[in-house]
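**Student:** Before I ask anything, let me first share the structure, which is written out below as C-alpha cells.
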Number of protein chains: 2
Amino acid sequence: MTYKANEQRMQDKIDTFSKFGDAGHGGITRYCFSEADIQARNEFKRRMEAIGAEFKTDDIGNMYATLKGSEPDLPNIVTGSHTDSVKNGGNYDGILGVMSAMEVLEAIHEQNIPHRHNITAMVWTNEEGSLYPPAMMSSGIVMNDYLPAEIKKNFIFENMMKSKSVIDNKTTFKEALDNSGFKGDKANRLNAKDYCANFELHIEQGPILEANNNDIGVVTCVLGMVNYRIKIYGVSDHAGTTPMKFRHDALYGAAKVLQYLHDELDKLDDELVYTTGEILCHPNVHTVIPDYVEFSIDARHEKEEVIKQVVEVIKNIPKEIVGCTTDYEVAWTRDTVYYDEELVSMVQESVDELGYSNQRINSGAGHDAQFVSYMVPTTMVFVPSKDGHSHCEPEFTSTKQCTQGASVLLNAILKRDAK
Amino acid sequence: MTYKANEQRMQDKIDTFSKFGDAGHGGITRYCFSEADIQARNEFKRRMEAIGAEFKTDDIGNMYATLKGSEPDLPNIVTGSHTDSVKNGGNYDGILGVMSAMEVLEAIHEQNIPHRHNITAMVWTNEEGSLYPPAMMSSGIVMNDYLPAEIKKNFIFENMMKSKSVIDNKTTFKEALDNSGFKGDKANRLNAKDYCANFELHIEQGPILEANNNDIGVVTCVLGMVNYRIKIYGVSDHAGTTPMKFRHDALYGAAKVLQYLHDELDKLDDELVYTTGEILCHPNVHTVIPDYVEFSIDARHEKEEVIKQVVEVIKNIPKEIVGCTTDYEVAWTRDTVYYDEELVSMVQESVDELGYSNQRINSGAGHDAQFVSYMVPTTMVFVPSKDGHSHCEPEFTSTKQCTQGASVLLNAILKRDAK
C-alpha cells in the first residue's frame, strides 16, 4: 500500500517558514544562526515535539527529531536538509527538504503508520555557507573522517569554526553557534553505527524536470566535476599610445581562450555542463591594456572519461594567444558520487506506485547528502524548479509538487523500514 | 643660432627628483600633496628662486616661476608639466616636463640668453588624479570656461574640490590643498591675457619613437576618442544544474561581442587604437552563470570620420548573441585637439636645427596641455619611452634624450619669444 503526505499541511509549513527571513518581495534571506534561522529552527523543534518526536542537537547545531520505532535498537533512518538560505534566496531551497522530513514524521504520526526503525527528521547547520563559508560545512565536519582526501583538505574542522562572517568580517561561526542556543553534544552527531539510511528531498535547481514535464526526479548521483583557473598573461600599456600591433592584451587573450574552450568542449558529450562564472582583470582600468586576466572553468559530468576529456581540452589551451601566454591551475576536483542503488530503487518503486511522472536525474549541485553518502547509504528525491530558477526569489515549486515529493519520501522511507 | 640644455644639470635634477617618493625598486609613488610631492614642489621652488625667478602659486596650488623678460609687459611664455605620479609610477612621466621647464630657465639664466617675454616654468597640480580623481583636475579647473561642453560636464569645480582620497575615502582634495602650504591667489592663475604660448614636454608613453629610432616627437594633436560601455544581459542559473542549451551566459556573450568588435574595428584605419581595459561580471561567482557583463571600449583616432566608423561598429553590435541581449551607452567623447600650427612649426624648426632625428606624432594620452590649448596657443614635445612603458617603474628615457628634449623646448620657446 502507498501512503500520502498532506497537501494542506505542506502549504501551512510553506507559508509559515516563508515568513522567517521574508525579504519583502517573495523570497527570503535566512543566514545560518540569524534571527530568521533561529525562528525556523524553533518552529522545527515545536512542530516535531508536538507529535512526540524526541529532539536533540549535536555540537555543530545540527538538529535531530526522532519518532521511535517498534524495534528501537535498529539504526535510525534519517531525512532532512537545511534551513539557511543564500542572500535573497527563495522559499524552497533546503527548507523544502526540512518541511518534507517533518511531513514524513507528521504523516506517520497522524496516520499511525507502523515502523520498525526510529525515523529522524534532520536539519543540517549552515549548508549554504553564505554568511560563514564554506558551503556544506556541518556535513563536512560530521563526515570528515569518511571524505576522500581531495575533498578533505578543504574541510579542516578548526578552520571552519573560525570562519568569519562575510558581512562584518569579525563574528565567527563558533561565536554564532555558541550564542544560538542550539549547540548540543558531539555524541549526538549522525554516525555510521546508529544510522542506516539517509534521504534528502530537494528542488532540482535546474530546468530538466519541468522541460520533460516530470514531477519527480529519482536522483542517481552527484556529478563529478573539475574546477580550474585559467590565466592569461599580457603586458600593460597605455590605451591611447600603444599601436594595436604592439599589444599583448590579456583580456582579448581571455576572450580567445574562452571561445576555444566553448568550441572544444561543445564537441564532447551532450550531457556535459561547463561554466565560466568568475573573471578577474588587472588592472581593470578603462585606459589601460590589461596585463593579467584569470577566469574559472567549472565542468561537470557523470562519467570520468568525459571529465578526463575536459581536462585534456584545458591542458591543450594554446600556450600563446594574441601575444599573451597562458597557464592553468586546478582549483579542485571531485569524482561522481553515486547514490545507494538499493535506496534509489526504493525511491523509484515509490514514485511508480504513486503514479507520478518521473525520470532518473543526476545532481549537478552539491548537497549535504553527498557528504553523508560517504558514511551512510544515501539517496535524494528532486521536485521541479519553475523555469529552473534557484538561489533567487523567483524560485518556485507548487505545493502539489512539494506534497508529491514528500509522499515519495514517505513511501521510500517506509520501504527501507520494511527491509 | 641654437642653444643647448645641460646634460649634467639634467642628470642632477633626474637624480634629485627620483628620490622624492622613491618606492625602493626603481620607481616612485608621489601622490598629489603627499610628503613626497611637497618635497618635489619645494625643490622646484628652491631651484627657481636660486636663479632669480619670481615664484607664485594660484588657488589650486599650481606653481609658476618666472624669469622677467626685457619687455615685461608682453604676455608670458609658459612651459611645464606635473610633479605627481600614479602609484608605483616611473621617474619621467610629468616630472620630466617640469625638469625640462626648469632647465630652460636655468639655461637662459646661465647662458644669459636675451628674451623679450617673461618665461614661466610651471607645475600643474594633480595631473594624474591618482589619489584625488579626476586626472587633469587643475588644468580642467583653470580652463573651465574654455572647455567644450562635452568635456565641461565632467569638470565641475565644486565637485572636484570635494574629491576624496581613494585610499582613506575621507580626506578631500580641498583639505590636502589647504594643508599643503602651496595654496595661493586665484588672480595668479594662468589666463588668456597674461600668457601667449604654452609648451609641454612629455615622455611619449608609447613605443613609436623608439621603434622608428627617433629622438624627438613633434606633437601635432591629441587624438579624438570615444569611450563606450557595452552591456550584455543574460540569465543567472546554477553552473551544475543548467544544461548548455538552456543557458543565457552573459560572459560568453561578452566574449563574442569583444571578438565582433576586434573583427570589425580591425577593418578600419591602421592608425586606430581601441581598448577594452575594464570588465565587470555579475555575480562573478564560479558556480553561477553570469547574468550581466559590462565592459569598456575606448577608441582613439585623429580623424573624425574614423571615429564615426567606430561608433557605427558599436551601434551594429548584434542585439542578440548566444541567447543574451546587448546594449551600449556612451561614457564620453572628445574631438581631436590640434595644437597651434605656428608653435608646432617652431618645435619642428628647432629640432631640425639641432639635428635630432624626429617625426610628427600625435598624443594618444591626455595631458594638461590639451586643456590649456583651449585658452592659450599650445604644443608639446615628446621624447622616447623605452619599450613604450609608462605609468610603471620600468619607465625610462636616457638623460641624453631628456636633454635633447629640453634643448628643443628651449629653442622653440626662444623662437616664440623672437616672434
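**Student:** Grab the other residues whose beta carbon is less than 9 angstrom from that of A:Pro290, score K and R as +1, D and E as -1, and report the net.
**Tutor:** -3
**Student:** From the label point of B:Glu305, set 7 Å from Cα along Cα→Cβ, how far away are the matching label points in the other copies, in nm, ordered shortest to longest?
**Tutor:** 6.1
**Student:** Mind checking the log10 I(q)/I(0) for region B:108-181 at q = 0.11, 0.21, 0.24 Å⁻¹? Debye, one equal scatterer per Cα, no solvent, two decimals.
**Tutor:** Taken in order of the listed q values, log10 I(q)/I(0) reads -0.40, -0.90, -1.08.
**Student:** Simple spin-label model, 7 Å along Cα-to-Cβ: B:Lys153 to B:Gln359 in nm?
**Tutor:** Those two pseudo-labels are separated by 3.7 nm.
**Student:** OK, next. As a check on your reading of the symmetry: which chain A residue has its Cβ nearest the axis that brings A onto B, and how far is it in Å?
**Tutor:** Axis relating chain A to chain B; nearest Cβ residue and distance: A:Ala255, 2.
**Student:** Moving to a separate point now. From the label point of B:Ile167, set 7 Å along Cα to the beta carbon, how far off in nm is each other copy's matching point, shortest first?
**Tutor:** Shortest to longest, the spacings are 3.2 nm.
**Student:** On to the next question. In a shell of Cβ-Cβ distance under 10 Å around A:Arg229, excluding A:Arg229 itself, what net charge do Lys and Arg (+1) and Asp and Glu (-1) give? Kindly include the intermediate steps, with their values, before the conclusion.
**Tutor:** Working: positive: A:Lys231; negative: A:Glu278, A:Glu294, A:Asp327, A:Glu329.
Overall, the nearby charge balance is -3.
**Student:** Could you check which residue among B:Leu67, B:Leu261, B:Leu147 shows the biggest mean-square fluctuation in a GNM of chain B with a 10 Å Cα cutoff?
**Tutor:** So, out of B:Leu67, B:Leu261, B:Leu147, the one fluctuating most is B:Leu261.
**Student:** Another question, if that's okay. How much of the DSSP beta bridge set in the protein assembly as shown is antiparallel, as a percent to the nearest 5?
**Tutor:** If I count the DSSP bridges inside the protein assembly as shown, around 70 percent turn out antiparallel.
**Student:** May I pose another question? If each DSSP helix of 4+ residues adds -39,500 (n - 2.57) and the sum is divided by the residues in chain B, what number results at 222 nm, nearest 500 deg cm²/dmol?
**Tutor:** Result for chain B, helices only: -10000 deg cm²/dmol.
**Student:** Considering amide H positions built from the backbone, and no H for Pro or chain starts, which residues 5 or more places from B:Ser81, or on another chain, come under 5 Å of its amide H?
**Tutor:** B:Val98, B:Met122, B:Trp124
**Student:** Thinking of region A:1-82 as a set of Cα atoms, what percent of all their pairs are more than 15 Å apart? Walk me through the numbers on the way to the answer.
**Tutor:** Working: 2263 of 3321 pairs.
Summing the P(r) of region A:1-82 above 15 Å gives 68 percent of all pairs.
**Student:** I'd like to check one number: the per residue accessible area of chain A, probe 1.4 Å, reported in Å² as a whole number.
**Tutor:** I get 38 Å² per residue for this part.
**Student:** If you don't mind, there's one more thing I want to ask. Under unit Cβ charges (Lys, Arg +1; Asp, Glu -1), what dipole magnitude, rounded to 20 debye, does chain B have relative to its Cα centre?
**Tutor:** About 680 debye.
**Student:** Let me see the P(r) profile for chain A: every Cα-Cα distance counted, bins of 20 Å, each bin given as a percent of all pairs.
**Tutor:** Going out from 0 Å in 20 Å bins, chain A shows 26, 53, 19, 3, 0 percent.
**Student:** For region B:230-246, list whatever residues lose no less than 30 Å² of accessible surface once every protein chain is in place, relative to that chain by itself, with the probe at 1.4 Å.
**Tutor:** The answer is B:Asp237, B:His238, B:Ala239, B:Gly240, B:Thr241, B:Pro243, B:Met244, B:Phe246 - residues whose exposure falls by at least 30 Å² when every protein chain is included.
**Student:** Got the relative contact order for region B:56-209 handy, in percent, Cα pairs under 8 Å and 6 or more residues apart?
**Tutor:** 36 percent
**Student:** Compute the Cα gyration tensor for the protein assembly as shown, then decide on rounded, prolate or oblate, letting a ≥ b ≥ c be the square roots of its eigenvalues: rounded whenever a/c is under 1.5, prolate when a/b is larger than b/c in the other cases, and oblate in all that remain.
**Tutor:** Prolate shape, in that a/c is at least 1.5 and a/b is the bigger ratio.
**Student:** Starting from the Cα coordinates of region B:139-213, work out the convex hull volume and express it per residue in Å³.
**Tutor:** Hull volume normalised by residue count: 186 Å³.
**Student:** While we're here: HN-Hα J couplings of region B:381-390 from phi, Karplus 6.51/-1.76/1.60, θ = phi - 60°, integer Hz, Gly and Pro as x?
**Tutor:** Taking θ as phi minus 60°, the curve returns 10, 10, 10, x, 10, 4, 6, x, 6, 7 Hz for region B:381-390.
**Student:** If you wrap a convex hull around the Cα atoms of region B:1-156, how much volume per residue is inside, in Å³? Intermediate results must be reported in sequence, preceding the final value.
**Tutor:** Numbers: hull volume 19.8 nm³, N = 156.
Normalising the Cα hull of region B:1-156 by residue number yields 127 Å³.
**Student:** Using unit Cβ charges (K, R positive; D, E negative) and no other charged atoms, how large, in debye to the nearest 20, is the dipole of region B:338-408 about its Cα centre? Show your work: numbers first, answer last.
**Tutor:** Details: 3 positive and 10 negative charges, 41 e Å.
The dipole of region B:338-408 has a size of about 200 debye.
**Student:** For a 21 Å ceiling on Cα separation, which of these pairs sit above it: B:Lys56/B:Lys193; A:Lys68/A:Lys415; A:Lys319/B:Lys245; B:Lys256/B:Lys319; B:Lys45/B:Lys193?
**Tutor:** A:Lys319/B:Lys245; B:Lys45/B:Lys193
**Student:** Rank A:Pro133, A:Pro377, A:Pro114 by mean-square fluctuation in a GNM of chain A with C-alpha springs under 10 angstrom and give only the top-ranked residue.
**Tutor:** A:Pro114
**Student:** OK, next. If you take every DSSP beta bridge whose two residues both sit in region A:66-206, what share of them, in percent to the nearest 5, is antiparallel? Please report the intermediate quantities before stating the final value.
**Tutor:** Details: 3 of 13 bridges.
Roughly 25 percent of the DSSP beta bridges within region A:66-206 come out antiparallel.
**Student:** On to the next question. Work out Dmax and Rg for region A:263-324 from the C-alpha atoms and quote the Rg first, both in angstrom.
**Tutor:** Final numbers for Rg and Dmax: 14.6, 45 Å.
**Student:** Between B:Asn191, B:Asn62, B:Asn76, which gets the highest mean-square fluctuation from a Gaussian network model of chain B, Cα cutoff 10 Å?
**Tutor:** B:Asn191
**Student:** Quote the total accessible area buried by chains B and A together, excluding ligands, DNA and RNA, probe 1.4 Å, nearest 100 Å².
**Tutor:** On the way: alone 17940 and 17940 Å², together 31640 Å².
The buried area between B and A, both sides summed, comes to about 4200 Å².
**Student:** Which of the helices in chain A meet the span-like rule: DSSP H, Cα axial reach of 18 Å or more, Kyte-Doolittle mean at least -1.0?
**Tutor:** Helices meeting the span and hydropathy rule in chain A are A:95-110, A:250-265, A:341-354, A:399-418.
**Student:** Please report, for B:Tyr233, the nm distances (one decimal) from its label point, 7 Å out from Cα along the beta-carbon direction, to the equivalent points in the remaining copies, shortest first.
**Tutor:** Result for B:Tyr233, in nm, nearest copy first: 4.1.
**Student:** Taking each residue of A:298-304 in turn, how many C-beta atoms of other protein chains fall within 10 Å of its C-beta, and what is the average?
**Tutor:** Working: counts 6, 2, 4, 0, 0, 0, 0.
That works out to 2 on average.
**Student:** Sticking with this structure for a sec: Which one, B:Asn188, B:Asn227, B:Val285, projects farthest toward the positive side of the charge dipole computed for region B:183-287 from Cβ point charges (K/R +1, D/E -1)?
**Tutor:** B:Val285
**Student:** Shifting gears a bit: Name the shape class, rounded, prolate or oblate, that the alpha-carbon gyration tensor gives for region B:356-415, where a ≥ b ≥ c are the square roots of its eigenvalues, rounded holds for a/c under 1.5, and otherwise prolate holds if a/b is larger than b/c and oblate otherwise.
**Tutor:** oblate
**Student:** Taking amide H atoms as placed 1.01 Å from N in the peptide plane, list the residues 5 or more away in sequence, or in a different chain, whose amide H sits under 5 Å from that of B:Thr378.
**Tutor:** B:Asn198, B:Asp340
**Student:** Does region B:258-369 come out rounded, prolate or oblate by the C-alpha gyration tensor, with a ≥ b ≥ c the root eigenvalues, rounded set by a/c under 1.5 and, if not, prolate when a/b is larger than b/c and oblate if not?
**Tutor:** Numbers: a/c = 3.16, a/b = 2.55, b/c = 1.24.
Prolate, because a/c is 1.5 or more and a/b exceeds b/c.
**Student:** Once you average over the residues of B:363-371, how many Cβ atoms of partner chains fall within 10 Å of each Cβ?
**Tutor:** That works out to 2 on average.
**Student:** On the protein heavy atoms, probe 1.4 angstrom, tell me the percent of accessible surface of chain A carried by carbon and sulfur. Provide the component values of the computation, followed by the final result.
**Tutor:** Values: 7460 of 15820 Å².
Ligands and nucleic acids excluded, carbon and sulfur reach 47 percent.
**Student:** Looking only at other chains, what is the average number of their beta-carbon atoms within 10 angstrom of each beta-carbon in B:388-395?
**Tutor:** Values: counts 8, 5, 5, 7, 5, 0, 0, 0.
So the per-residue partner count for this stretch is 4.
**Student:** Go through A:Tyr3, A:Gly21, A:Phe295 and say which Cα lies farthest out towards the positive end of the charge dipole of chain A; charges sit on Cβ, +1 for Lys and Arg, -1 for Asp and Glu.
**Tutor:** Farthest towards the positive end: A:Gly21.
**Student:** With a sphere of radius 13 Å drawn around the Cβ of B:Asp58, what net charge do the other residues whose Cβ falls strictly inside it have (Lys, Arg +1; Asp, Glu -1)?
**Tutor:** For residues surrounding B:Asp58, the net value is +1.
**Student:** Taking the Cα centre of region A:10-68 as origin and charging only Cβ (+1 Lys, Arg; -1 Asp, Glu), how large is the dipole, in debye to the nearest 20? Don't jump to the answer; show the numbers that get you there.
**Tutor:** Numbers: 9 positive and 10 negative charges, 30 e Å.
Here region A:10-68 has a charge dipole of around 140 debye.
**Student:** With the dipole of region B:313-408 worked out from charges on the C-beta (+1 for Lys and Arg, -1 for Asp and Glu) around the Cα centre, which of B:Val376, B:Pro394, B:Ser407 lies farthest toward the positive end?
**Tutor:** Value computed over the given set: B:Pro394.
The values are calculated or read from the model by the stated rules, or taken from the named source; none is laboratory data. Note that this is a predicted model, so its numbers are computed, not measured. Using ideal geometry, Cβ is built from the backbone for each residue, glycine included, and neighbour counts are taken over all protein chains shown. To get the accessible areas, we keep the full protein, side chains included, count just its heavy atoms, and leave off ligands, DNA and RNA. Shrake-Rupley method; radii C 1.70, N 1.55, O 1.52, S 1.80 Å.
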